[in-house]
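Engineer: Take a look at this one; I'll ask things after.
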Amino acid sequence: MASSRLASRFRCRLRPAPVARRPSPVHPPLVGPTASSLPLRGLLLPLSPLRFASPDASSSSSSSSLSPPPLSSSSSATRLLDGLNWRRVGFGKRWFASEASAAPAAELVEIPLAQTGEGIAECELLRWFVSEGDQVDEFQRLCEVQSDKATIEITSRFKGKVHQVHFGPGDIVKVGETLLKMMVVDSQTVSHDSIASSTDHSLAVDAAGPSEGCVPSGTLSTPAVRNLAKQYGLNISDIQGTGKDGRVLKEDVLSYAASKGLCKEPTSALEENIDQVELLEGRGSLSDAHCYEDKRISLRGYQRSMVKSMSLAAKVPHFHFLEEINCDALVELKASFQNANKDHNIKHTFLPFLIKSLSMALSKYPLLNSCFVEEANEVIFKGSHNIGVAMATTHGLVVPNIKNVQSLSILEITKELARLHEMASHNRLSTEDIAGGTITLSNIGAIGGKFGSPLLNLPEVAIIALGRIQKLPRFDDDENVYPSSIINVIVGADHRVVDGATVARFCNEWKSLVEKPELLLLHMR
């Protein structure tokens, strides 16, 4: 009987609460065999989600509704056990829900295009390394973009899953726009400012070298390159770097992996472009020869940069100064360098010597190594001689520069020039390689032509075009004709701050150093 009363009270706790309110009825004390069930009753009732519901309005209705049908002791025990199990399941659900809220939750994070360099407002998306649904590790490559100044690989700062890709290859992405969205663990998320500065941070690490503890001492590489070496199970310190200051590049890792038989020999980007051109030419030959159609091509990368820079340069008043230099002594010096060369990876040319002698002349005429700030009406004399060299590549015209030429030897200039040319031909120049130039050389003579009229690479105030060296008849002091190696030099200058007399004196100084290389020894440090 006592078990039946306890079971009926238990069922009434599960009934919906009526609208009317009255004090809870006082239940008579339990006696007899149900006294041992009292602790069970105290355990069950506080766990009920309806514990604080109001009781029935009238005692009569309450009395009638609480009258249970007669139950046997066995059936009442079963129902009590069922109620206990229901309470435990319900309590268990609440417990798991609280645990889920404490556990790290996935969050949708936007990955924007960060600032890739000073003055860069947009980039062209070249290709994706991931697609929607891919799992991405930290430092894994996401995509490759090209600005007006450099080609940059964007790496992931998170470990997660690619949720949505917002742009396709060939699209122009403005700085700050979302490249893709990723599902990442909440504990990984950082502020938007930190994400926006990720590319700048990567560039800073790339320029300054790896931090202590990231890679073995003396090995320079980016996080993406280290991650690539890790994928092949390679020790980054065993790989010979071909980048600046021995930096290990992606191509170095792939070549080393190929030498170990871990992958196929990597194909250079230049070879891929040549193959694509040959394929297009092959298709064109199969088409109708009489079908001529116009083609509209959007300018990208370096070509877009040239549009901007030359449009600005056209607004600046130029003047050009033409001089010819006798290179007989330079030809002999270059031949002696090549004959004494024991390193077959180094090829001596005229350009490194011209660059070094140019730096010597700039030390005496620093106005040619300056820049003009039109807004402030000021001229900034640059301390470093960062001499840019215009290079024509399959991707367009680009002007990387050799940093601090005044502190480099001719051999060091030769090696740096070869590195920049290799990087430019594979479209792998960094922002650091291109930014910060103070004066530009255009070696148009390497392709052909005697002279040209170069336009300024603003904000620089001078640019120099070199013609090809050619044998021409000249007269000596006794009016005898002799063959001479002559190069034409054309200096273009910003006439707002540079006058013709200054350029003429500068050219005389440079000319004397080229025609008499022994004079360099007087100023060499």
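The values are calculated or read from the model by the stated rules, or taken from the named source; none is laboratory data. Please read these numbers as outputs of a predicted model, since none were measured by experiment. Neighbour counts are summed over all protein chains in view; Cβ atoms, including those assigned to glycine, are modelled from backbone coordinates with ideal geometry. Only protein heavy atoms, including side chains, enter the accessible area calculation; ligands, DNA and RNA are left aside. Shrake-Rupley method; radii C 1.70, N 1.55, O 1.52, S 1.80 Å.
Engineer: Would you pick out the residues in region 387-412 that are open to solvent by less than 20 Å² (accessible area, probe 1.4 Å), in contact with a strand residue (DSSP E or B) (Cβ under 9 Å, 6 or more places away or on another chain) and touching a residue at least 40 places away in the same chain (Cβ under 8 Å)? Walk me through it before giving the result.
Structural biologist: Filtering region 387-412 for residues open to solvent by less than 20 Å² (accessible area, probe 1.4 Å) gives 387-389, 391, 396, 398, 400-402, 405.
Applying the additional criterion that residues be in contact with a strand residue (DSSP E or B) (Cβ under 9 Å, 6 or more places away or on another chain) yields 387-389, 391, 398, 400-402, 405.
Of everything in region 387-412, those that are open to solvent by less than 20 Å² (accessible area, probe 1.4 Å), in contact with a strand residue (DSSP E or B) (Cβ under 9 Å, 6 or more places away or on another chain) and touching a residue at least 40 places away in the same chain (Cβ under 8 Å) turn out to be Ile387, Gly388, Val389, Val398, Ile402, Val405.
Engineer: What is the number of the single condition among (1) assigned by the TED database to the domain that holds Lys511; (2) among the hydrophobic types (A, V, I, L, M, F, W, C); (3) in contact with a strand residue (DSSP E or B) (Cβ under 6 Å, 6 or more places away or on another chain); (4) assigned to a helix (DSSP H, G or I) that Leu330 does not meet?
Structural biologist: In the conditions (1) assigned by the TED database to the domain that holds Lys511; (2) among the hydrophobic types (A, V, I, L, M, F, W, C); (3) in contact with a strand residue (DSSP E or B) (Cβ under 6 Å, 6 or more places away or on another chain); (4) assigned to a helix (DSSP H, G or I), Leu330 misses (3) alone.
Engineer: Here's a follow-up. Test each condition in (1) closer than 19 Å to Asp148 by Cβ; (2) in contact (Cβ under 8 Å) with a residue 60 or more places away in the chain; (3) open to solvent by 40 Å² or more (accessible area, probe 1.4 Å); (4) not hydroxyl-bearing (Ser, Thr, Tyr) for Asn427 and report the one that comes out false.
Structural biologist: It is condition (3) that Asn427 fails.
Engineer: What are the residues in region 441-454 that are surrounded by fewer than 21 Cβ atoms within 10 Å (Cβ to Cβ), under 33 Å from the mean Cα position of the chain (by Cα) and either at positive phi or of a type outside the set (A, V, I, L, M, F, W, C) (or both), if any?
Structural biologist: Within region 441-454, Asn443 is the sole residue that qualifies.
Engineer: Inside region 455-474, can you point out the residues that are in a loop (DSSP other than H, G, I, E, B) and open to solvent by less than 20 Å² (accessible area, probe 1.4 Å)?
Structural biologist: Taking region 455-474 as the starting set, the residues that turn out to be in a loop (DSSP other than H, G, I, E, B) are 455-459, 461, 467-469.
Residues satisfying the conditions are Leu456, Val461, Gly467.
Engineer: Still on this structure, please answer the following. One residue is enough: does region 301-317 have a residue meeting the conditions without any contact (Cβ under 8 Å) to a residue 40 or more places away in the chain, closer than 30 Å to Arg127 by Cβ and open to solvent by 40 Å² or more (accessible area, probe 1.4 Å)?
Structural biologist: yes
Engineer: Another question, then. So which residues in region 475-497 are open to solvent by less than 80 Å² (accessible area, probe 1.4 Å) and either under 38 Å from the mean Cα position of the chain (by Cα) or small (Gly, Ala, Ser) (or both)?
Structural biologist: Passing the criteria: Ser484, Ser485, Ile490, Val491, Gly492, Ala493, Asp494, Val497.
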